[in-house]
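Engineer: Handing you this structure, nothing more for now.
The values are calculated or read from the model by the stated rules, or taken from the named source; none is laboratory data. Since the structure is predicted, the reported quantities are computational estimates derived from the model, not experimental observations. Neighbour counts run over all protein chains shown; Cβ positions are idealised from the backbone, glycine included. Remember, those area values only see protein heavy atoms, side chains included, never the ligands or the DNA or RNA. Shrake-Rupley method; radii C 1.70, N 1.55, O 1.52, S 1.80 Å.
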Amino acid sequence: MSELRFDDVSVRYGNRRHGLTAVDGVSLTVPSGAVVGLVGESGSGKSTLARTAVGLSPVTSGRVLLDGTDIGRLPRGRRPIQMVFQDPYSSLDPRMTIGDSIAEAFPRGAHRGRSARRGEVGRLLELVNLDPDRAEVLPRQLSGGQRQRVALARALAGQPDVVIADEITSALDVSVQGAVLNLVRDVQRQLGLSMLFISHNLAVVRYLSDFVAVMYLGRIVEAGPTDRVLADPQHPYTRDLLGAAPARHEPVAAVGPESVADVEPPDPHDPPHGCRYHPRCPVGPLVVAGRDVCTTDDPSVGADQRPHDAACHFPLGKSPVPPITDLSGRPTPVG
Ligand code: ADP
Ligand code: MG
């Protein structure tokens with residue numbers, strides 16, 4: 001079991017004039033044996049962050065550490081961090097049997113000899129609930145869900161301590177997503193893996209994760225134990241992802257539209273000043289008077305002093321108690 005830690009990681013694409021910062025100063029820890037869910041809409045930088053851990057995206061600044069060792073300094077020959085992608089073809093060669101694809105990922109020197117290799121391939125296929133007799137088939141002879149199981153088996157073949165799963169159910173039929181999620185959870189528990197589980201879908205993330213981190217436009221805006229973050233989201237963006245109405249726990253004077261959720265996502269080449277979410281925030285400066293600080297001051301500063309490390313100048317606090325209603329649904333008269 002191992003701890004994966006992103007320490008103030010930034011990744012910039014392109015050059016100084018035409019580039020964009022896809023990941024901007026992210027610190028995140030995947031504790032040993034735990035599942036951390038990383039959630040955020042498309043383009044928020046989730047995949048870029050994940051790819052830094054397996055050397056597919058070079059970090060511009062910051063460090064990625066496995067049990068305290070910079071991943072660039074890990075001993076060669078074994079790859080203790082393995083990634084599973086949305087599209088299984090990115091790790092499965094369409095011309096190779098699935099057994100060969102799995103065996104190719106064995107650590108150097110492991111499972112020598114044909115029968116040892118075949119035995120281990122069979123064991124891994126069984127682990128992901130596939131018939132070991134199917135080792136000789138090609139990826140295209142399998143269903144999407146089965147291919148994703150093979151991709152997981154291939155990742156496990158590398159004997160990882162940490163698995164990063166990036167949108168692994170997003171391309172699957174809804175009908176098989178649940179089975180793949182169950183499998184991932186069973187395997188994670190059985191092997192005691194540390195896991196970074198990425199999805200744009202909070203419902204998927206909550207099912208698996210001990211901790212959840214919410215990413216918006218390159219930054220983590222809220223993080224904490226899953227049950228607490230979901231029961232009491234502090235950042236309005238988390239609340240929006242949960243699909244609930246914003247909490248108005250103090251009287252506020254509206255100055256603009258009730259809903260800003262339909263505003264276009266901002267251009268990552270030119271992120272908004274202050275809080276990056278402010279142009280879309282339902283309790284932000286475009287809606288509530290007196291919140292100009294959101295347009296000027298970065299709420300990441302001092303976030304570690306707030307519940308769930310919320311990068312928000314006006315965190316939502318405790319959810320308001322819903323009004324008491326009688327059986328007809330009308331509010332009960334007070335007094
Ligand atoms: P997510 O996985 O959350 O959808 P990504 O990490 O894929 O986010 O992308 C984050 C941002 O970086 C997006 O604006 C995307 O367009 C940009 N981006 C991703 N990969 C590259 C690349 N290789 N070159 C330039 N920009 C990229
Ligand atoms: Mg992605």
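Engineer: When only residues in the stretch 80-94 that are more than 16 Å from ligand 2 (Cβ to nearest atom) and of a type in the set (A, V, I, L, M, F, W, C) count, which is surrounded by the most Cβ atoms within 10 Å (Cβ to Cβ)?
Structural biologist: Per the stated criteria, the residue is I81.
Engineer: Here is a further query. Only one of these conditions is not met by R149: (1) within 16 Å of V187 (Cα to Cα); (2) assigned to a helix (DSSP H, G or I); (3) open to solvent by less than 10 Å² (accessible area, probe 1.4 Å). Which number is it?
Structural biologist: (3)
Engineer: Can I ask one more? I want to confirm something. Restricting to the stretch 10-46 and keeping residues that are under 17 Å from V163 (Cβ atoms) and either outside any strand (DSSP E or B) or among the aromatic types (F, W, Y) (or both), which single residue is nearest to ligand 2 (Cβ to nearest atom)?
Structural biologist: K46
Engineer: A further question follows. Consider the stretch 152-166. How many of its residues are away from ligand 1 (no atom under 16 Å from the Cβ), within 24 Å of D131 (Cβ to Cβ) and part of a strand (DSSP E or B)?
Structural biologist: The qualifying residues number 1.
Engineer: Give the residues of the stretch 107-125 that are open to solvent by 20 Å² or more (accessible area, probe 1.4 Å) and touching a residue at least 12 places away in the same chain (Cβ under 8 Å), sorted by residue number.
Structural biologist: Quick first cut of the stretch 107-125, residues open to solvent by 20 Å² or more (accessible area, probe 1.4 Å) only: 108-120, 123.
Across the stretch 107-125, the qualifying residues are R108, G109, A110, R117, R118, E120.
Engineer: From the list A155, A135, exactly one residue is under 16 Å from A103 (Cβ atoms) and crowded, with 24+ Cβ neighbours inside 10 Å. Which is it? So that I can check it myself, show each step before the final result.
Structural biologist: On the way: A135 fails: crowded, with 24+ Cβ neighbours inside 10 Å.
Being under 16 Å from A103 (Cβ atoms) and crowded, with 24+ Cβ neighbours inside 10 Å holds for just one of A155, A135, which is A155.
Engineer: Name every residue in the stretch 1-25 that is without any contact (Cβ under 8 Å) to a residue 40 or more places away in the chain and small (G, A, S), in order of residue number.
Structural biologist: Taking the stretch 1-25 as the starting set, the residues that turn out to be without any contact (Cβ under 8 Å) to a residue 40 or more places away in the chain are 13-17.
Of everything in the stretch 1-25, just one residue is without any contact (Cβ under 8 Å) to a residue 40 or more places away in the chain and small (G, A, S), namely G14.
Engineer: Would you mind stating whether T52 is more than 11 Å from ligand 2 (Cβ to nearest atom), under 28 Å from R149 (Cα atoms) and part of a helix (DSSP H, G or I)?
Structural biologist: Numbers: more than 11 Å from ligand 2 (Cβ to nearest atom): yes; under 28 Å from R149 (Cα atoms): yes; part of a helix (DSSP H, G or I): yes.
In short, yes.
Engineer: In addition: Can you find a residue that is within 16 Å of ligand 1 (Cβ to nearest atom) and either modelled with pLDDT of 95 or more or in a helix (DSSP H, G or I) (or both) anywhere in the stretch 172-179?
Structural biologist: Filtering the stretch 172-179 for residues within 16 Å of ligand 1 (Cβ to nearest atom) gives none.
No; the residues of the stretch 172-179 include none that is within 16 Å of ligand 1 (Cβ to nearest atom) and either modelled with pLDDT of 95 or more or in a helix (DSSP H, G or I) (or both).
Engineer: In this structure, is G62 more than 11 Å from ligand 1 (Cβ to nearest atom) and either in contact (Cβ under 8 Å) with a residue 60 or more places away in the chain or not hydroxyl-bearing (S, T, Y) (or both)?
Structural biologist: Working: more than 11 Å from ligand 1 (Cβ to nearest atom): yes; either in contact (Cβ under 8 Å) with a residue 60 or more places away in the chain or not hydroxyl-bearing (S, T, Y) (or both): yes.
It is true that G62 is more than 11 Å from ligand 1 (Cβ to nearest atom) and either in contact (Cβ under 8 Å) with a residue 60 or more places away in the chain or not hydroxyl-bearing (S, T, Y) (or both).
Residues are listed down the side, and each one gets a yes or a no for (1) at pLDDT below 95; (2) open to solvent by 10 Å² or more (accessible area, probe 1.4 Å); (3) within 28 Å of L20 (Cβ to Cβ); (4) in contact with a helix residue (DSSP H, G or I) (Cβ under 8 Å, 6 or more places away or on another chain):
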site: V212; (1), (2), (3), (4): no, no, yes, yes
site: L217; (1), (2), (3), (4): no, yes, yes, no
site: P246; (1), (2), (3), (4): yes, yes, no, yes
site: V255; (1), (2), (3), (4): yes, yes, no, no
site: D262; (1), (2), (3), (4): yes, yes, yes, no
site: P268; (1), (2), (3), (4): yes, yes, yes, no
site: P282; (1), (2), (3), (4): yes, yes, yes, yes
site: V293; (1), (2), (3), (4): no, yes, yes, no
site: T296; (1), (2), (3), (4): no, yes, yes, no
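Engineer: Restricting to the stretch 10-52, what's the tally of residues that are under 18 Å from D304 (Cβ atoms), within 12 Å of ligand 1 (Cβ to nearest atom) and in contact with a Leu (Cβ under 7 Å, 6 or more places away or on another chain)?
Structural biologist: Adding up the residues that qualify gives 1.
Engineer: Which one of the conditions (1) within 16 Å of ligand 1 (Cβ to nearest atom); (2) assigned to a helix (DSSP H, G or I) does T169 fail to meet, given that it meets all the rest?
Structural biologist: Against the list (1) within 16 Å of ligand 1 (Cβ to nearest atom); (2) assigned to a helix (DSSP H, G or I), T169 comes up short only on (2).
Engineer: Cβ-Cβ distance below 8 Å, separation of 6 or more or different chains: which pairs start in the stretch 297-310 with a residue that is within 15 Å of V229 (Cα to Cα) and end on one that is open to solvent by 50 Å² or more (accessible area, probe 1.4 Å)?
Structural biologist: A303/D309; H308/R228
Engineer: With the requirement that a residue be more than 16 Å from ligand 2 (Cβ to nearest atom) and either open to solvent by 30 Å² or more (accessible area, probe 1.4 Å) or in contact with a helix residue (DSSP H, G or I) (Cβ under 6 Å, 6 or more places away or on another chain) (or both), what does the stretch 182-205 give you? Break it down into steps so the answer makes sense when it comes.
Structural biologist: Residues of the stretch 182-205 that are more than 16 Å from ligand 2 (Cβ to nearest atom), as a first pass: 182-195, 203.
Residues satisfying the conditions are N182, R185, D186, R189, Q190, L191, M195, A203.
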